[in-house]
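First the structure, in the form of structure tokens, and then the observations on it.
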Amino acid sequence: MSGNVLLDTNIIIGLFANDQAILARLSKTDHIFIPSIVLGELYFGAYKSTHTEQNVRRIEEFVTTGAVLVCDAVTAAYYGQIKKALREKGRPLPENDIWIAALARQHNLTVVSRDQHFKEIDSLPVEAW
């Protein structure tokens, strides 16, 4: 696999745990992007953990390996389209994941996640590592 990917929280947590499958796939990837939403989820986990300082440091170091993408007005428009389509299908998703999908659509990226529900979003490239 080569190309541009947007990492979900569970993939980064796997990376932090030295998951060899994830490490192997990342080594063959051209560009890694990190949604600001995922950073929020990671920081939340770090702040509620018993090793807060160590986990915060790990996140700060990781951020230097890829570009962080933030939401803007264009992202919001994609969010609205995706959420409407999911509602029509009767397939709600967690709000943060809709934002992540919107960023992926906006920037033409493949979402990398172990969450199967991303496949509910039509025409969204998704890979499970």
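Each value in this text was obtained by applying a stated rule to the coordinates, not by laboratory testing. Quick caveat: nothing in here was measured; it's all calculated off a predicted structure. Note that each Cβ is placed from the backbone with ideal geometry, even for glycine, and that neighbours are counted across all protein chains shown.
At least 3 residues being of a type outside the set (A, V, I, L, M) and surrounded by fewer than 17 Cβ atoms within 10 Å (Cβ to Cβ) is the threshold, and among the helices (runs of 4 or more DSSP H) wholly inside region 1-65 those reaching it are 36-48, 52-63.
Based on what the data block shows, is Lys84 under 16 Å from the mean Cα position of the chain (by Cα), part of a helix (DSSP H, G or I) and free of Cβ contacts under 8 Å to residues at least 40 places away in the same chain? Considered against the rule, which asks whether it is under 16 Å from the mean Cα position of the chain (by Cα), part of a helix (DSSP H, G or I) and free of Cβ contacts under 8 Å to residues at least 40 places away in the same chain, Lys84 comes out as no. Could you check, for region 95-102, whether at least one of its residues is part of a loop (DSSP other than H, G, I, E, B), loosely packed, with under 15 Cβ neighbours inside 10 Å and within 13 Å of the chain's Cα centre (by Cα)? No, the conditions are met nowhere in region 95-102. Yes or no: Gly40 in contact with a Leu (Cβ under 9 Å, 6 or more places away or on another chain) and of a type outside the set (A, V, I, L, M)? No, not satisfied.
Test Val74 against the criterion of being touching a helix residue (DSSP H, G or I) at 6+ places or on another chain (Cβ under 6 Å), in a helix (DSSP H, G or I) and more than 16 Å from Ile13 (Cβ to Cβ), and give yes or no. Answer is yes for this residue.
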